[in-house]
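*Asks:* The structure's right below; bear with me while I get my questions together.
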């Protein structure tokens, strides 16, 4: 009886080992070049604890006395080396920010993701599947950007071009428990072009070294004010170069504060049609450097054509080449350029030609 039970136990252990190896191989195929399988747990994200326990395997049919055997019992806990993710970051020879400390964070090959406070273009890989860069700008304090490194970065396109005058940092959910995960040294950059992390076009907006303001508390918002509003930018990069001593670096939210750069929307005062041409006139928009005209046979402006009028004082345009007997719709908007970025107003109300 005992020999039969032992054979079954051995068979089960062999099957379990083969299944675990297969799962590790499957996981290995999904690991990107930015990180590798955790050597402590083999990519499972769990660490096992096995103890020998006495278990009943049957009863003596004559005496009723239970028959027991010592069997291994295994329980599983999240791996402390990779925080349960099954992955650890490795340095692949890519670039890192100047002044970054040990535990250098690697660049992620993430796709663009639109969230509440902008479109995230690039960021360090977060821990697991739910702690990546977009969480930092999603407007939700119960999510976080958490990296298994002492440095991290994120690049995003803001919803509008703004002159940053301050920004806020919100600590994450377990900062009080795992002290040292708050940033300590960082730099905020701006640009009006879409740039890679190490491009030379980034302009420094604000920097903090050896921060003393961020406290090890959960869900706490801290504000950092600039001495004067920055130049208007549409693209931003946050480089966190060091944290306050932990293996991980995390934040819940990062929000820019400032005045958006806008252009007043013009209104069409004259829209007259004569055969295959039309004459337009609109009211001047303060601060504009030119106007863009859009016209189409579709009221939704499908397959539309455009014309540009340069100069703030030019507020008339004659459109030629319209198809005779066809109804057209027209509208206009103002624009100006700031630091290489073209800022458009909203479209005027459409007029029928």
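The values are calculated or read from the model by the stated rules, or taken from the named source; none is laboratory data. Being a predicted model, the structure only gives us computed values, none of them experimental. Here the Cβ is made from the backbone with ideal geometry for all residues, glycine too, and neighbour counts use every protein chain on show.
*Asks:* For the structure I just gave you, tell me whether residue 334 is out of contact with any helix residue (DSSP H, G or I) (no Cβ under 6 Å at 6 or more places or on another chain), in contact (Cβ under 8 Å) with a residue 24 or more places away in the chain and surrounded by 18 or more Cβ atoms within 10 Å (Cβ to Cβ). Spell out the reasoning first.
*Replies:* Details: out of contact with any helix residue (DSSP H, G or I) (no Cβ under 6 Å at 6 or more places or on another chain): yes; in contact (Cβ under 8 Å) with a residue 24 or more places away in the chain: yes; surrounded by 18 or more Cβ atoms within 10 Å (Cβ to Cβ): yes.
Yes: the conditions hold for residue 334.
*Asks:* Can you tell which of 285, 313, 267 is out of contact with any strand residue (DSSP E or B) (no Cβ under 9 Å at 6 or more places or on another chain) and either more than 30 Å from residue 174 (Cα to Cα) or surrounded by 17 or more Cβ atoms within 10 Å (Cβ to Cβ) (or both)?
*Replies:* Values: 285 fails: out of contact with any strand residue (DSSP E or B) (no Cβ under 9 Å at 6 or more places or on another chain); 267 fails: out of contact with any strand residue (DSSP E or B) (no Cβ under 9 Å at 6 or more places or on another chain).
None of the other options fit; the residue is 313.
*Asks:* Could I ask something else about it? When you scan region 159-178, how many residues do you find that are closer than 26 Å to residue 342 by Cβ and modelled with pLDDT under 95?
*Replies:* Residues in region 159-178 being closer than 26 Å to residue 342 by Cβ and modelled with pLDDT under 95: 5 in total.
*Asks:* Would you pick out the residues in region 162-198 that are more than 13 Å from residue 238 (Cα to Cα) and buried (at least 23 other Cβ atoms within 10 Å of the Cβ)?
*Replies:* 171, 172, 175, 181, 182
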